[in-house]
Amino acid sequence: MKPLVAITGASSGIGAAAARAFSEAGHPLLLTARRVELMEEMGLPDAICRAHDVVDAEGYRRLVDEAETRYGPVDLLVNNAGFMVLEEFAALSPEDWRQQFEVNCIGLLNTTSAVLPAMIERGTGTIMNIGSTAGRTMYPNHTVYNGTKYAVHAMTEGLRREAAPANVRVILISPGFVLTDLLTGTRAETIKEGYHAYRDEIGGALDPREIARAMLFAYEQPQHLCIWEMVVTPTRQLV
């Protein structure tokens with residue numbers, strides 16, 4: 001059996017597509033998200049599916065222990081869990097700010113801390129963080145979300161520099177427009193309409209399976225080869 005892969009936010013979108021792709025490649029899985037029933041409905045073999053909020057660091061460590069007891073060490077952690085609320089800053093509440101930073105940033109640190117020290121000790125392993133083109137350029141109504149993704153990009157680079165001497169890879173995947181559930185957190189209909197209009201203008205969004213294929217490609221390179229970042233967008237997306 002191939003090494004264990006752990007994926008957060010695995011109930012839909014990129015996370016679910018990645019779960020299917022890595023399962024088809026023969027990997028056992030630790031899948032976490034808030035909606036456990038959606039992960040279980042995929043019916044993937046050798047998959048531990050657990051309801052979990054990435055804000056709970058101790059809970060994630062327990063899940064890693066459970067999965068590693070059954071399948072051996074986590075060789076790949078995919079930090080995919082994310083939350084987005086698009087709105088003018090003045091219309092956002094402190095809860096909107098907090099939730100985006102806790103899920104997108106604190107959550108990433110919580111899950112990474114559960115596996116990275118052991119990877120460094122073993123001298124092998126991969127952390128894959130799902131960033132965004134919103135971590136590379138500013139978009140209207142994205143002030144807080146942009147801030148979280150710029151932080152993800154910065155933390156990924158810092159982690160890469162710390163882990164590289166131990167032969168541990170840290171990879172950033174930066175998708176552009178992708179068909180996911182992220183927009184469900186946005187309340188303003190005019191912002192949703194503008195988002196969809198731009199998506200249509202560039203010929204549509206990518207299928208999450210296309211991002212999953214890129215993720216699998218990056219992971220399947222030999223351990224001595226690290227793809228620092230992959231930016232994957234529709235060809236007609238300009239920024």
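Numbers at a glance
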{"item": "Helical contribution to [θ] at 222 nm, DSSP H n ≥ 4, -39,500 (n - 2.57), averaged over the chain, rounded to 500", "result": "-13500 deg cm²/dmol"}
{"item": "With every protein chain in place, the stretch 107-221: carbon and sulfur % of accessible area (1.4 Å)", "result": "55"}
{"item": "Neighbour-limited loop hits for trypsin sites (Lys or Arg not before Pro), the stretch 42-77 (at most 10 other Cβ within 10 Å; DSSP other than H, G, I, E, B)", "result": "none"}
{"item": "Inter-probe distance in nm under a simple model that places probes 7 Å from Cα toward Cβ, at Ala166 and Thr235", "result": "4.2"}
{"item": "Gaussian network model of the chain, Cα within-10 Å springs - most flexible of Met128, Met155, Met215", "result": "Met155"}
{"item": "Percentage relative contact order, the stretch 1-85, counting C-alpha pairs under 8 Å, at least six apart", "result": "39"}
{"item": "Under-5 Å amide H pairs with Arg187, H placed in peptide plane, nonlocal only", "result": "Leu86"}
{"item": "Alpha-carbon centroids, the stretch 140-217 and the stretch 1-75: separation in whole Å", "result": "20"}
{"item": "Relative contact order of the chain, pairs being alpha-carbon contacts under 8 Å that are 6 or more residues apart, as %", "result": "21"}
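The values are calculated or read from the model by the stated rules, or taken from the named source; none is laboratory data. This is a predicted model, so every value here is computed, not measured. Heads up, the Cβs are rebuilt from the backbone with ideal geometry, glycines too, and the neighbour counts pull from every protein chain shown. Each accessible area value is taken on the protein alone, full model and side chains, heavy atoms only, with ligands, DNA and RNA left out. Shrake-Rupley method; radii C 1.70, N 1.55, O 1.52, S 1.80 Å.
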